[in-house]
1. Here is a list: GLY209, GLY238, GLY258, GLY232. Which entry is in contact with a Cys (Cβ under 8 Å, 6 or more places away or on another chain) and over 25 Å from GLY119 (Cβ atoms)?
2. Based on what the data block shows, is ALA123 exposed (fewer than 14 other Cβ atoms within 10 Å of the Cβ) and either under 25 Å from LEU56 (Cβ atoms) or at pLDDT 95 or above (or both)?
3. Is it true that some residue in the range 130-139 is touching a residue at least 12 places away in the same chain (Cβ under 8 Å), open to solvent by 10 Å² or more (accessible area, probe 1.4 Å), under 30 Å from PRO251 (Cβ atoms) and among the acidic types (Asp, Glu)?
4. Output the residue which, of all residues in the range 154-173 that are free of Cβ contacts under 8 Å to residues at least 40 places away in the same chain and not in a loop (DSSP other than H, G, I, E, B), is surrounded by the fewest Cβ atoms within 10 Å (Cβ to Cβ).
5. Residues that are touching a helix residue (DSSP H, G or I) at 6+ places or on another chain (Cβ under 8 Å), more than 30 Å from VAL131 (Cα to Cα), modelled with pLDDT under 90 and open to solvent by less than 30 Å² (accessible area, probe 1.4 Å): does the range 271-281 have at least one?
6. Could we say that THR202 is of a type in the set (Ser, Thr, Tyr), within 16 Å of the chain's Cα centre (by Cα) and open to solvent by 40 Å² or more (accessible area, probe 1.4 Å) here?
7. Inside the range 61-120, can you point out the residues that are of a type in the set (D, E, K, R), surrounded by fewer than 14 Cβ atoms within 10 Å (Cβ to Cβ) and modelled with pLDDT of 90 or more?
8. Is it the case that THR202 is over 28 Å from ALA123 (Cβ atoms), out of contact with any Gly (no Cβ under 7 Å at 6 or more places or on another chain) and either touching a residue at least 24 places away in the same chain (Cβ under 8 Å) or hydroxyl-bearing (Ser, Thr, Tyr) (or both)?
Amino acid sequence: MLAPVMTKARAAHRSEVLAQLSLVRPSSRSELVTRTGLSRATITRITRDLIRSRFLTEVPGARRSVGRPSQGLEINADYGTVLGISFLPPLARATLMNFRGAPLEDYSEALDWSLGAGGLLAALRRLVQRVVKDPALRKRRLSGVGLALPGQFDKAAGISRVYPRLADWKDVPLRRQLGGWAGVPAFLIGYAPSIALAELTTRSEAPHGLLAIEVTDNIAMGVVANGGLLEGASGNAGELGHITLERTGGPCYCGNTGCLELSTACRSVEEAARKLLKRGARVPFEAVTELARGGHAGAAGL
């Protein structure tokens, strides 16, 4: 019984170390000891194995006033590639990255709410299969795929429970489908938390707290609290766009009324500008911004 327990413990320790490695600067063994709370002997064993597998490389570290220069540990960018996908209309966006997060290739596929669950899943499948068949991947090993999605999902089971605006989207086994299309392990993350995670990976030092807000046709807020990514029970903590701004406001697709997103998202501002300026066609958000900067009182009040 002892061996399996030890195996699980070692795997957990390895995961802790991997989670503390920076994508933007080398990490020292001493830093990893401090960040993980693991013993120096454990850190030495884990990093030695990661160097042997070529996942990590040793590089010159920071010079100290006395003694030998410390050795830094850096993720090997060429160890493999990963695919990150943002799955939210009007576009599914995919980026092929090396193991240090540097983008290599970009892909996209149009998404249309009106096509329903089947149409969105078919578009996602086309996108993934296009990436997998891309000649650019012949010399690069795809190691995994991650998908950022809106709505409620079960992270442990890999099942997307609810997807915004799609009544026919029910309990979709998205992680299994995604892994099958790509032929590699798949991972799901909430769209809102993914915004904070993306910001987090650009920092050389992980902040104790962080807010990252996106305003497009939706409004999302990713949160890092007490040094950890806030995901919540639904997997999508940070739904800033769906707090009630006006109790007597109109109905929102989420089922609430008077949501912030109804009046402040880019699409909402564009529609308000179209009515204000009495135009038949859509007024681009950028044009509304320029009018407001130029002193147009109506545009500035939107």
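1. Checking each option against the conditions leaves just GLY258.
2. no
3. no
4. Only one residue tops the list, namely ILE159.
5. Looking for residues that are touching a helix residue (DSSP H, G or I) at 6+ places or on another chain (Cβ under 8 Å), more than 30 Å from VAL131 (Cα to Cα), modelled with pLDDT under 90 and open to solvent by less than 30 Å² (accessible area, probe 1.4 Å), one finds at least one in the range 271-281, hence yes.
6. yes
7. Hits for the range 61-120 are ASP78, ASP106, ASP112.
8. yes
The values are calculated or read from the model by the stated rules, or taken from the named source; none is laboratory data. Since we're looking at a predicted model, the values are computed, not measured. All Cβ positions, glycine included, derive from the backbone under ideal geometry; neighbour counts span all protein chains shown. All accessible areas refer to the heavy atoms of the entire protein, side chains included, with ligands and DNA or RNA removed. Shrake-Rupley method; radii C 1.70, N 1.55, O 1.52, S 1.80 Å.
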